[in-house]
Amino acid sequence: MAVLALHSGATGLTAMEQAIDVIAHNIANTNTTGFKSLSANFEDLLYQEKEQPGAENASGDKRPAGLFLGLGTRLSNTQLNVSQGSAIPDTGSMSMLIDGQGMFQVTVDDRTVFTRAGNFARNSEGDMVLGNSFGPRLEPPINIPEGTTSITILPDGTVNVTIDNDPEQQEVGRLELANFTNPTGLRPLGGTLYDQTDASGPPIIGNPAENAFGVIRQGFLEASNVDPVSELVKLIKTQRYFEFNSQTVQAADEALQVIGNLRRF
């Protein structure tokens, strides 16, 4: 009946509206350091089974196919795209890019969360913190002493500083990175921060340039991995799908109107 088409069209409108929200979020973060885009995945809903495949008809023959009426669609999940963004040169002495796998660890509300953004700075206590609105401290902590005139971060994550122009540098710490069995299962928190979940698994901690971990590139930042052209194409397609579903609702409404006027004939 037209009621089923009306319901299916309504679920399509809801799903496409949510997909547009996802795409708009990606486009808005095209210039966000370390941002990872999301993609919308869909799934079909339940089916009304009118006839089973293989069921015998009146003549004793078996049906080669069944008869199913679907009930629409829904947004099943938003999948995190963890591919690496482009490298952008940056003048910050503590700006870093992870060239390869791994995430920086920072502390928020006494718990460790993770990020690919490497725009670090120094707070009033000399600790390295992420340069976002939260200002979370790097984990494990690395303190830059007072009087530091230059900072050198090696590819293996070792942080050396020059104090009062002393020709001999001092090591003040070494970065540790985290990796995940399923990084797409991380939960976005905002502020380019991500939290572990049961889907992502626990973090695997290691040093840069060792095992499967990437190397550190000082003087670079990782750009957002959003492809604006691809997102705009998806936006246009999703808008068209929204229109198609609205036409389904309109057609179902017209069919119901005809049925409702049958008593006048």
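The values are calculated or read from the model by the stated rules, or taken from the named source; none is laboratory data. Model, not experiment: these values are computed from the prediction. Using ideal geometry, Cβ is built from the backbone for each residue, glycine included, and neighbour counts are taken over all protein chains shown.
Just a few scattered comments:
- Test: residue in the range 154-172 that is among the small types (Gly, Ala, Ser) and touching an Asp or Glu at 6+ places or on another chain (Cβ under 9 Å): yes
- The number of residues in the range 29-48 being outside any loop (DSSP other than H, G, I, E, B) and within 13 Å of the chain's Cα centre (by Cα) comes to 4.
- When GLY190 is tested against (1) surrounded by fewer than 16 Cβ atoms within 10 Å (Cβ to Cβ); (2) under 25 Å from ALA87 (Cβ atoms); (3) touching a residue at least 12 places away in the same chain (Cβ under 8 Å), just one condition goes unmet, and that condition is (3).
- Flag for SER230 being buried (at least 18 other Cβ atoms within 10 Å of the Cβ) and either under 27 Å from the mean Cα position of the chain (by Cα) or not aliphatic (A, V, I, L, M) (or both): no
- Test for PRO203: is it more than 19 Å from the chain's Cα centre (by Cα) and at pLDDT 95 or above: no
- Filtering the range 89-125 to residues that are farther than 18 Å from SER224 by Cβ, touching an Asp or Glu at 6+ places or on another chain (Cβ under 8 Å) and surrounded by 20 or more Cβ atoms within 10 Å (Cβ to Cβ) leaves GLN105, VAL106, VAL113.
- Neighbours by Cβ (under 9 Å, 6+ apart or cross-chain): first from the range 33-61, of a type in the set (Ser, Thr, Tyr); second assigned to a loop (DSSP other than H, G, I, E, B) and surrounded by fewer than 12 Cβ atoms within 10 Å (Cβ to Cβ): SER37/SER83
- Count - residues of the range 134-171 that are over 19 Å from ILE98 (Cβ atoms) and touching a Gly at 6+ places or on another chain (Cβ under 6 Å): 5
- Verdict on SER83 being more than 30 Å from THR11 (Cα to Cα) and surrounded by 14 or more Cβ atoms within 10 Å (Cβ to Cβ): no
- If you go through the range 140-179 and pick out every residue that is of a type outside the set (D, E, K, R), touching a residue at least 60 places away in the same chain (Cβ under 8 Å) and under 20 Å from ARG116 (Cβ atoms), you end up with 7.
- Verdict on GLY72 being at positive phi and in contact with a helix residue (DSSP H, G or I) (Cβ under 6 Å, 6 or more places away or on another chain): yes
- Scanning the range 130-156 for residues that are assigned to a strand (DSSP E or B) and under 23 Å from the mean Cα position of the chain (by Cα) turns up LEU130, ARG137, LEU138.
- Residue in the range 106-127 that is outside any strand (DSSP E or B), of a type in the set (D, E, K, R) and under 23 Å from ASN207 (Cβ atoms) present: yes
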